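Structure first, then comments.
The values are calculated or read from the model by the stated rules, or taken from the named source; none is laboratory data. Everything numeric in this text was worked out from a predicted model, so none of it was measured. As a convention, Cβ positions derive from the backbone with ideal geometry for all residues, glycine included, and neighbour counts pool all protein chains shown. With ligands, DNA and RNA removed, areas are computed over all heavy atoms of the protein, side chains included. Shrake-Rupley method; radii C 1.70, N 1.55, O 1.52, S 1.80 Å.
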Amino acid sequence: MTAFEFSLDGECGSARAATFATPHGDVETPAFMAVGTLATVKSLDPIDLREIGAPMILGNAYHLHLRPGDELIRDFGGLHSFMGWEGPILTDSGGFQVFSLEGLRTVDESGVEFRSHIDGSKHVFTPESVMQIERNLGADVIMQFDHVIPGQSDESAARDASERSVRWLARCVAELERLRAGGPPPKTTIPQRPPRPGTTFPLPAPNHPQALFPIVQGGIHPTLRRDAARAIQSSGSFDGYGIGGLSVGEAKPDMYHILEVVDGELPRDRPRYLMGVGFPEDLVEGVLRGVDLFDCVAPTRMGRNGTAFTSDGRLNIKRAEFRADPRPLDDACECSACRRFSRAYLRHLYVSDEMLGLRLLSLHNVHFLVRLMRDARAAILAGTIGTWSHDWLARYHSRPTPLE
Ligand SMILES: [Zn+2]
């Protein structure tokens, strides 16, 4: 028995409700994971995230390796203890970030050499070095290092990248085994200090089990996706699977079709994580196609810009029509922003450039997606996901003109 049990609680068509057990607690799926790229979900305290009911959050290997450094985080007991979040964490491998550094990187079979977006310093990511970084960070789920290509790539470029990703997966597996066999990470170099009552700081370096998720690539080409899913499964047994390279500019029907193809290929008794896809309608469509985990920076990024998700579609709080609007952002929402504040007050905060405004909208947006997945789970368990999703999408798309 592994530390990462995935037990199905109910199915309805391709949609599944399940419980994903991790060393830092259970995640009831389908679930949305808030993104804390730099070991912080922007503007939200872990206490906020707990109150929202956020089941799991993300960190990013590329960003944390550059700043403050994965070895420093290891010496503070890993990401959980460094950022004060006790729940499950997933780290992305940084593949998406380093391959986005157009002009600043060179790629070959060994890995990627790139220059830091912060100070131009030179770095090399290989499957091996990324496993070392993700082990230092100590997340529960770690993603393989993969070759990421632009969304519009032709089939031969997509095939090369996808096949290379499968070869890199084998190197990730081997390196992780080597690191595990080497025993616990070195002792902390952070000077000890008398702990304050109630704190356990500093903590030993993380040494709990980690689940490595491979990533199914292949662009919008069904054959490549099938080949990738099969090659990955023939290369080993994994606790879950990432689906990468979607929501990068392709048409929505293409994305939905690829999800159906991948749904038919991946084992049903393991979680599937659709990477970087997190608009409300995409979450609902993903759930219908067998996806269990989602993440996206959209709720916090849009919150900072003044855009809120509501059951009736998106709304931009900066618009003049909300100047004297006494209603909450969303009548149906129980987040602490909607329970306490009017649209008029929130608009005032934005117009006045007050930081509380972007914090409250970020909080509402993350809550909205966490709750959306909780409602979808309830509908799957009740056997009503078909009508529930139809009604939810109809209402979400019902506003005649988006309020942005
Ligand atoms: Zn709310």
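Would you call L369 farther than 19 Å from G286 by Cβ, in contact (Cβ under 8 Å) with a residue 24 or more places away in the chain, in a helix (DSSP H, G or I) and among the hydrophobic types (A, V, I, L, M, F, W, C)? Criteria not met by L369. Count of the stretch 77-118 residues, restricted to those that are touching a strand residue (DSSP E or B) at 6+ places or on another chain (Cβ under 7 Å) and either assigned to a loop (DSSP other than H, G, I, E, B) or buried (at least 24 other Cβ atoms within 10 Å of the Cβ) (or both), is 15. When F322 is tested against (1) surrounded by fewer than 18 Cβ atoms within 10 Å (Cβ to Cβ); (2) within 16 Å of the ligand (Cβ to nearest atom); (3) farther than 23 Å from L288 by Cβ, just one condition goes unmet, and that condition is (1). Taking the stretch 250-276 as the range and being open to solvent by 60 Å² or more (accessible area, probe 1.4 Å) and in a loop (DSSP other than H, G, I, E, B) as the test, the residues that pass are R268, D269, R270.
Considering R327, R399, the condition of being within 15 Å of the ligand (Cβ to nearest atom), exposed (fewer than 15 other Cβ atoms within 10 Å of the Cβ), touching a residue at least 12 places away in the same chain (Cβ under 8 Å) and over 26 Å from A31 (Cβ atoms) is satisfied by R327 alone. Of the residues making up the stretch 59-76, those that are in contact (Cβ under 8 Å) with a residue 40 or more places away in the chain, open to solvent by 10 Å² or more (accessible area, probe 1.4 Å) and outside any helix (DSSP H, G or I) are R67, F76.
Checking each residue in the stretch 292-319 for being more than 15 Å from the ligand (Cβ to nearest atom), assigned to a loop (DSSP other than H, G, I, E, B) and of a type in the set (D, E, K, R) picks out D292, K318, R319. Consider L363 carefully, then state whether it is in contact with an Asp or Glu (Cβ under 8 Å, 6 or more places away or on another chain), buried (at least 22 other Cβ atoms within 10 Å of the Cβ) and at negative phi. Yes; evaluated as a whole, the condition is true for this residue.
For the stretch 330-345, the tally of residues that are in a helix (DSSP H, G or I) and either away from the ligand (no atom under 11 Å from the Cβ) or more than 12 Å from F368 (Cα to Cα) (or both) stands at 5.
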